[in-house]
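> Before I ask anything, here is the structure I am working with.
The values are calculated or read from the model by the stated rules, or taken from the named source; none is laboratory data. Quick caveat, the model's predicted, so the values are computed rather than measured. Backbone-built Cβ (ideal geometry, glycine too); neighbour counts: all protein chains shown.
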Amino acid sequence: MYKDLSAKNNCIICGKHCENGIIIKGKVICSSCEEKLVSCEIGTDFYEYYKDCIKKHLVPSILRDNVEMNEYLR
Ligand SMILES: [Zn+2]
């Protein structure tokens, strides 16, 4: 249980444990990555990398949520 909780607090971009990042769909982005993301320009390698991380980590959980919702609706 404790392990699960701490894994959820790992930044999806740098993988570091963080206590006060932003949480999207149960995934955490630490404040330093959030700062980088906000300050880097769209279209740069950095931006693409962060975007990829967000896609990889957030899209599956959004899809999973939708599947669960569909199952409830059936
Ligand atoms: Zn981070």
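> Six or more apart or on different chains, Cβ under 6 Å: which pairs go from a residue in region 11-39 that's within 21 Å of ARG64 (Cβ to Cβ) to one that's part of a loop (DSSP other than H, G, I, E, B) and more than 8 Å from the ligand (Cβ to nearest atom)? Could you list them?
VAL28/ASN9
> Working only within region 15-27, note down all residues that are at pLDDT 90 or above and near the ligand (Cβ under 8 Å from one of its atoms).
GLY15, LYS16
> In region 11-50, how many are of a type in the set (Asp, Glu) and more than 22 Å from SER61 (Cβ to Cβ)?
3
> For region 28-74, enumerate the residues that are surrounded by 10 or more Cβ atoms within 10 Å (Cβ to Cβ), among the charged types (D, E, K, R) and either touching a helix residue (DSSP H, G or I) at 6+ places or on another chain (Cβ under 8 Å) or on the phi > 0 side of the Ramachandran plot (or both).
Answer for region 28-74, where residues must be surrounded by 10 or more Cβ atoms within 10 Å (Cβ to Cβ), among the charged types (D, E, K, R) and either touching a helix residue (DSSP H, G or I) at 6+ places or on another chain (Cβ under 8 Å) or on the phi > 0 side of the Ramachandran plot (or both): just LYS36.
> Is at least one residue of region 7-14 at pLDDT below 80 and basic (Lys, Arg)?
yes
> Across region 57-74, what is the number of residues that are in a helix (DSSP H, G or I) and free of Cβ contacts under 8 Å to residues at least 12 places away in the same chain?
Applying the first criterion (in a helix (DSSP H, G or I)) to region 57-74 yields 57-73.
Okay, now just the ones that are also free of Cβ contacts under 8 Å to residues at least 12 places away in the same chain, so 59-60, 63-64, 66-73.
Looking only at that region, the number is 12.
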